[in-house]
Structure formats: C-alpha cells, structure tokens
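Working notes for the structure below.
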Amino acid sequence: MHVLKRFQLYARHHRRQSGLVMGLSAGAGYAAAMLFSRTSWSAGPGGMSPAAYLVLALALVIGLLVLTYAFSVWKEKRLIENIPTSKARSLAMGLVEVKGGARPKARLKSPVTMTDCAYYRYKIEKYVRSGKSSHWSVVDEGASTNYFYVEDDTGRVLVDPVEADVHLGRDYQWTGTKPGSGWGPFGGDKMRYSEWWIVEGEPVYVIGTVTRWKDARDDRRFKIAERLRAIKADQEQLKAFDRDGDGAISADEWERARQRVEQDVLREELGTPLDTSDDFVITRDRNNEVMIISDRSEKELARRYGWQSAGLFLLGLGLTAWMGALLLR
C-alpha cells in the first residue's frame, strides 16, 4: 500500500495523532523555509549552504511521493473501469466487484439523527475564531464498523467497511447554536453536524477481496456457546437440568445440558437449508490493497478518481520539477 494511502487511513481513525504529526511537519517545514531564506546564499554567489540543499532534497522527495501516489490512484481508476461485476452466488476468492442493495446485518442507528441504516459516518465541528481568522474545527467524528450485506438477484455477501475507501454523498447537515452553551440568540458555540448513510435497499458499489470469514463448524460452536451462556444466566432453565434437586449444577449435569444444546443445534441445521451468505466477506486485503464502498455509479466514481489522479500528478510533477531545477542550478 502506498505510504500516503496508509497515512490517509491512519488519519481517519487517529485524528489527534495524525494532526500532531502534520502540525509538527508544518512547523518543521516553516522553520526550514526560514533557514533556507537566510542561508541559501551564504555559500557565495551562485551557491547554497548544506541546509538549503537539505530543504530542497526533502521537498523533492515529497514531490516524488505525490507523483507515485497519483499513479496509484490512476491504477485504481483503471481497475474500476475494467474489473467485471460478479454475482453474489458465484463469487470467487480474490479481488471482486459487486453491486446491489444494502442490507443491515444488525440494527444500526446513526448517532446524530438516529437514522436506521446499514452504515454511517458522522462529523461534528465547532466554529472557532482566532484573531481575525476563523475556521471549522472537528470536535468529533467516526464511522460504524458493523458488517453489512450487499444483495443482488442471486444472493448476498457480507462487506467489512473498516479500512475501506468510502465515497458517499452527504445526507444530512445542520448548522446552529449548541443547546446549553450560551444565553440568548447571540450566545453559545456555533456547531455544524454532518452525516453520511447507507440505508437499507440503497444501491451500493463495492470492490474488495473475498476471504473466508467463518466455516460451519465455527458457527455451530458459536451458537452452542451463546445458548449455554443464556441457560447459565436463566435460573428457570438451569432448574430443568438439576436432576438431583440440590439447587446446584454438577459437572455431569452441565455436560448433559451441553449435549442437549448441541443436539438441538444439529437438529435445526438439518431442518433448515444451509445459509452460506455469512461464510465469506469482502474486505481490504494486504496484497490487493483495494477496498472501495460507494453509493455513486461506477462511471461517476471512475471520473472522480481520474480527476484526483490528474490533480495529484500535476502537483507532484510541478513540485518535483521545481525542486529538481533549483538543485541543478
């Protein structure tokens, strides 16, 4: 995975740490620029000091990183355009593209508007004034980590949104005064609340890697453990296994309870058709590195990636050429 993409994913989940790194980097860059402006000609006409060369070399490395990242984004654009769409029933292990309606695996509500959804992302910002300048500062943000289904006309498959590149249109935004933060219409903190959702039935486009999430044996063990846990917490159910009536469950009595639950689970499996929709999940794989979730069309998403790669390419090329020319001069 490209180093800038890795930092982007890290920054999404560790805003404070990444903000500190970016602040320190900006401060170091400013100090280096000041040092460069004062010492660049200290070596004499036509020459530069070692510190100035170091600043230019670092800027050149950053330019090359941006340039290579532009090619990485371009590769993802070409992948979106060229990878064929697979059906949920016939998914093969490895990199796939699926399209379908979103279905929640568990009940989920967005934190700001309490909207029923399969996935959400939110951001809470505060309007901050500092002297003559002002800006929106992020107070809190986050996203759901629950798996959800993508369902087409052949079946459904689980999707893991963690570490995915999620492209959604904003569904909600409200700006106003925070209740209880001041008095009257002119008091209080000015806040902005934003949310992005994937609601049930909404068309979703996903590219990722199909991996095995669980098998039937692991699923059976999970069901047995859950039911035994429920029995242990219910005194009425425990009494049914207390054969000697002493008010305590012995090891032999608990083993009989385990066997009974296991038989019940096996009987249910034989009486119901096998559901394999939870056996596999689409996620980000370390080898393929691509994981995209979007409510946009395939064509619109490819166009977005194209513009992004073009902007990064021009930025990286310009910075690299400029710094390279200064070094050669």
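The values are calculated or read from the model by the stated rules, or taken from the named source; none is laboratory data. Bear in mind that the values here come from a model prediction, so they are computed numbers and not experimental data. No Cβ is skipped: glycine too gets one built from the backbone with ideal geometry, and neighbour counts run over all protein chains shown.
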Among the strands (runs of 3 or more DSSP E) lying completely within region 104-204, list those that include at least 1 residues that are surrounded by 13 or more Cβ atoms within 10 Å (Cβ to Cβ) and aliphatic (A, V, I, L, M). 119-130, 133-143, 148-151, 156-159, 165-167, 190-198
Within the bounds of region 94-112, is there any residue that is within 17 Å of TYR193 (Cβ to Cβ) and among the β-branched types (Val, Ile, Thr)? yes
So the check is Cβ under 6 Å with 6+ separation or different chains; which pairs have a first residue in region 221-234 that's modelled with pLDDT under 80 and a second one that's in a helix (DSSP H, G or I)? LYS223/VAL265
What pairs come up if the first residue lies in region 81-95 and is among the charged types (D, E, K, R), the second is in a helix (DSSP H, G or I), and their beta carbons are under 8 Å apart, counting only those six or more places apart or on different chains? GLU81/GLU298; GLU81/ALA302
Residues ALA310, ALA302: which one is more than 30 Å from PHE222 (Cα to Cα), surrounded by 17 or more Cβ atoms within 10 Å (Cβ to Cβ) and modelled with pLDDT of 85 or more? ALA302
Which one of these is more than 18 Å from ILE293 (Cβ to Cβ) and under 24 Å from the mean Cα position of the chain (by Cα): ALA70, ALA106, ALA59, ALA118? ALA70
